[in-house]
Each structure stands twice: as C-alpha cells, then as structure tokens.
1. Scan the range 226-261 for residues that are more than 25 Å from the chain's Cα centre (by Cα), within 22 Å of PRO200 (Cα to Cα) and surrounded by fewer than 17 Cβ atoms within 10 Å (Cβ to Cβ) and report the count.
2. Can you tell me which of GLY204, GLY218 is more than 18 Å from ILE185 (Cβ to Cβ), assigned by TED's automatic domain parsing to the domain that holds SER190 and not hydrophobic (A, V, I, L, M, F, W, C)?
3. For the range 171-213, name all the residues that are over 17 Å from the mean Cα position of the chain (by Cα) and of a type in the set (Ser, Thr, Tyr).
4. If we only count helices (runs of 4 or more DSSP H) wholly inside the range 187-262, which ones have 2 or more residues that are closer than 23 Å to VAL174 by Cβ?
5. Please state which one of VAL174, VAL156 is out of contact with any Asp or Glu (no Cβ under 8 Å at 6 or more places or on another chain), touching a residue at least 12 places away in the same chain (Cβ under 8 Å) and among the aliphatic types (A, V, I, L, M).
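The values are calculated or read from the model by the stated rules, or taken from the named source; none is laboratory data. Predicted model, so just to flag it, every value in this text is computed and none were measured. Here the Cβ positions follow ideal geometry from the backbone for every residue, glycine too, while neighbour counts run over all protein chains shown.
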Amino acid sequence: MQNSLTSSHPPDGGALLIVDGHCYAYRAFFGIPSLTSPSGHPTNAIYGFIRMLGKARERARPAHTVVVWDGGLAAERMALLPEYKAQRAEMPAGLAPQLDGMADYVKAAGFFSWMKEGCEADDGIAALAVRAAGAGRAVVIASSDKDFMQLVCGGVKLLVPQDKTESLWDEAQVRNKTGVEPAQIVDWLSLVGDASDNIPGVPGIGPKTAAELLRQFGSIDVLYKRLAEVRSERVRTGLQAAEETVRRNQQLIKLRDDMPCELPWEDSAARPGDAEELRRLYGGWGFKNLLLELEPITLPKTEDLFRQTVPAG
C-alpha cells in the first residue's frame, strides 16, 4: 500500500473523500455472504468493496480520493488501557486474503491508498481531514465509526454506509443522533463509553443522561467543577467515583489529528483507472457485470440507423 509523509498543500477547489478502508472491507464481507472466483477463492468482500466505494464517490463527487487502512493499534492508547479493543475477534479467515485484492483494485482504479505502521486508521483520517479542511477544502469521511462525529464541522461531513438515504451528515445530523454538538462528542463518549473499542463508561450513565449533562454543563471539565449541582445523587456519586476513568477515556477517544501524515495531493487527484489492469482483475475474480461496465457503449452511426429504418429506392 502507498504511503507518504511528504508535506504538501492541497490546491484550491474540489472535495476530498477519505474512505475508512477496513470499515468498508468488513461491511462488504458481511453484506455479501458468499461469492467466489472461478478458482474458488472468496471474492464477496472485494465485490462489495468495489460497489460501496463507487457509491461513495458518486455521492461525494470528490476531486481527490484516499483510502486509509489500519496500521495497528496506537501505543499510547494501549499504555492507557491494555484492554483497548481486546474484545474484538480476529479478522475472519475469509476476509484477510481479500484485503490485497482490494488494495490492487484501489490502485488500478486510480485511487490512493494510505497506511502508516503503528497508526490507527481513525487517527490518520482525522489528521488528513483537519489539514484539508484547514486549507479550505471540503472533506467527506466515509465510515460508520461514531468517533468521526467529533470531526464534523462546516468543512467536514460524514457519509455513513448504513444510512439508506446516503445523506452527508453535518452538525444537525450529529445533534439528532446524539443530542450533543460535534465538539462535545469526545466528552459524550467518555461518559457513555464505547463497547466497540472496549472502553467502559460511567456505570448507570447512558447516552441520554450524558447528553443532558453536557447540555447543562457544556463539558466534562465544567461538569466536575460544578459536580455538586448535579441533581441526581446516584449520577453525582457515579461521576465522582469514575472521574479517573472519564479523564482516561477522553485521551482514548480524542482522535490524534495533529500527527504527521500529509497527503501528496497530486497522487490522490481523480484520474482514469487502468482499464487493462481492471479488466485483468475483474476477469480473475469472475466479475462479469463489472467487466461489461468497462466496455464502452458503441452506438451505430447516424447513416447506419437511417439505412435500417428507411427502405432503399
């Protein structure tokens, strides 16, 4: 997979689409239960990935596209919480061998892959998004990971794969989903916890209570300064006992958008794919419908149509 730490600045105009590669790979794998190549190898995730990526690009209409892949767990988070993501099952045996095929497709289709060893995809996506938005570029993050709600702002929107309307989430959608502003998502998740990452929250505090607390106090810092004002004794006692956990959670959940991971913009710019390589890949995978989509539609010439419809003489 391609990778670059070269500092560069985005040219003016055009949106950047950032795709959470492993998120799309998993959703594709479980969304299409069975599909194999002529040689008998699994291809369900590859096919679903191609279709999902196509839908994301059609919705976002980006000038630049980058697919970001996981490079491993962040050492800082593991030091804070050794059990971080420990509950997750190993990658399904049928999915692992398809990842290289997805990367081959991304390259052949003219997209850019980014991965840094020891860097979680979430952090790489956050850093790329913040840099691009700061330079005035519109950004669309394609992922179902709720952590990315913390990045949503005027210049950054979220495209959620399971959202059947395929809407681009802005601040309003985040508020409707959680009851808090995007800038409060880190604190909201720090109170609630995140089971998908094995991060425990405050016992007895669910999403609704956490949202009510943040609407009243604004942030965790203010909440703990004014803890005596929390009306429920149960909630107040739980917060007091869990303060160390909550403060740790803030560090775990906050995406590292300041890490060095610049994107070479010329490599991520929209460009035609390699038709011959795509034809070779599709043929090997047995994707007949995708092969047909590669073939240009040949229309008969006007004079040929005329001869077919008007009898001679």
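1. 11
2. It is GLY204.
3. Listed by number, the residues that qualify are THR178, SER190, THR209.
4. Where helices (runs of 4 or more DSSP H) fall fully within the range 187-262 and carry at least 2 residues being closer than 23 Å to VAL174 by Cβ, they are 207-217, 220-225, 243-253.
5. Values: VAL174 fails: out of contact with any Asp or Glu (no Cβ under 8 Å at 6 or more places or on another chain).
Within the list VAL174, VAL156, the selection yields VAL156.
Rundown of residues vs (1) surrounded by fewer than 16 Cβ atoms within 10 Å (Cβ to Cβ); (2) hydroxyl-bearing (Ser, Thr, Tyr), yes/no style:
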| site | (1), (2) |
| --- | --- |
| GLY48 | no, no |
| ALA56 | no, no |
| MET78 | yes, no |
| LEU81 | no, no |
| TYR84 | no, yes |
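Residue-by-condition table, conditions (1) modelled with pLDDT of 85 or more; (2) part of a loop (DSSP other than H, G, I, E, B); (3) under 17 Å from ASP194 (Cβ atoms); (4) polar (S, T, N, Q):
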| site | (1), (2), (3), (4) |
| --- | --- |
| GLY72 | no, yes, no, no |
| ALA79 | yes, no, no, no |
| ALA86 | no, yes, yes, no |
| PRO92 | yes, yes, no, no |
| LEU99 | yes, no, no, no |
| MET102 | yes, no, no, no |
| LYS107 | yes, no, no, no |
| GLY110 | yes, yes, no, no |
| SER113 | yes, no, no, yes |
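This table checks each residue for (1) in contact with a Gly (Cβ under 9 Å, 6 or more places away or on another chain); (2) aromatic (Phe, Trp, Tyr).
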site	(1), (2)
ALA15	no, no
GLY21	no, no
TYR24	yes, yes
ILE32	yes, no
GLY40	no, no
ILE50	no, no
VAL67	yes, no
